[in-house]
Amino acid sequence: GSEMCIRDRLRQASFPFAATIEQFDFRFRPELKRQVVLRYLDPTFVEQAGALTLIGAPGLGKTMLAVCVATKLVQLGYTARFVTAQRLANQLGRATTATGRQRVLRPLLSCDVLVVDELGYLPTEPAFGPALYELVAGRYERRPLILTSNKSLTEWATIVHDVSLAAAVVDRLMHHG
C-alpha cells in the first residue's frame with residue numbers, strides 16, 4: 001500500500017530524525033512566516049525545481065524545517081535524500097576515482113528532493129567546492145534543493161575555497177529560491 005511506499009521512501013531519504021510540518025512550532029520562530037514556508041510543501045516546489053536556502057545561527061531549527069519540508073514532499077510521492085555537508089565531504093574524500101565520485105553524487109542528483117544540511121559548520125577540503133557546484137548545477141532547473149547553513153551567503157567563498165565558484169552556486173540557488 002501507499003503507507004508502505006511512504007515508509008520505504010522515508011527510510012531511503014535517511015533523515016536524521018522524523019519530523020512533520022504539523023509538529024513545527026511557528027510561534028517559536030515568529031520571523032518565519034507560515035505562509036512562506038507552506039509554499040514549499042507543495043508539488044509546485046518540485047515541479048518548478050525551486051531552491052530553499054535556510055541560513056542562520058545554530059539551534060534555530062533549520063534542519064528541523066528542512067526535514068519537515070522534505071518529509072511532506074515524500075508523503076506526496078516524491079523521493080528525497082538527506083546528507084550533511086560534512087558527510088558528503090567525507091564520502092567524496094574517500095572516492096579516489098571519477099567513478100567513485102559519481103557513485104556518491106548520482107543518487108543526490110537523481111532524487112526528487114535533496115537536502116544538504118549544515119553547509120559551513122566544519123571546514124572542508126578544496127575538492128568539496130567543485131562537488132557542491134556539480135550538485136547545485138546538476139539539479140538547477142531540474143530538481144529542487146534545500147540547503148541549510150550557519151554562514152551568510154557572502155561567507156560561502158570560504159566554504160568552497162573559491163570566490164567565483166561560490167558566486168556561481170549562490171546565483172543558481174537564488175534564481176528560483
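The values are calculated or read from the model by the stated rules, or taken from the named source; none is laboratory data. All values reported here derive from a predicted model rather than from experimental measurement. Note: ideal-geometry Cβ built from the backbone for every residue, glycine included; neighbour counts use all protein chains shown. The protein model used for the area step is the full one, side chains on, heavy atoms only, and it has no ligands, DNA or RNA in it. Shrake-Rupley method; radii C 1.70, N 1.55, O 1.52, S 1.80 Å.
Key figures
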{"quantity": "Filtered residues of the range 129-168 (kept if polar (S, T, N, Q) and on the phi > 0 side of the Ramachandran plot)", "calculated": "none"}
{"quantity": "Strands (runs of 3 or more DSSP E) fully within the range 50-128 counting 1 or more residues that are open to solvent by less than 70 Å² (accessible area, probe 1.4 Å), small (Gly, Ala, Ser) and farther than 17 Å from residue 10 by Cα", "calculated": "51-55"}
{"quantity": "Pairs, first open to solvent by less than 40 Å² (accessible area, probe 1.4 Å) in the range 9-23, second outside any helix (DSSP H, G or I) and charged (D, E, K, R), C-beta under 9 Å, six or more apart", "calculated": "13/81"}
{"quantity": "Residue within the range 18-33 that is among the basic types (Lys, Arg) and closer than 23 Å to residue 108 by Cβ present", "calculated": "no"}
{"quantity": "Subset tally (residues that are over 19 Å from residue 71 (Cα atoms) and acidic (Asp, Glu)) for the range 22-42", "calculated": "1"}
{"quantity": "Yes/no for residue 35 being touching a residue at least 40 places away in the same chain (Cβ under 8 Å), open to solvent by 70 Å² or more (accessible area, probe 1.4 Å), more than 18 Å from residue 139 (Cα to Cα) and not aromatic (Phe, Trp, Tyr)", "calculated": "no"}
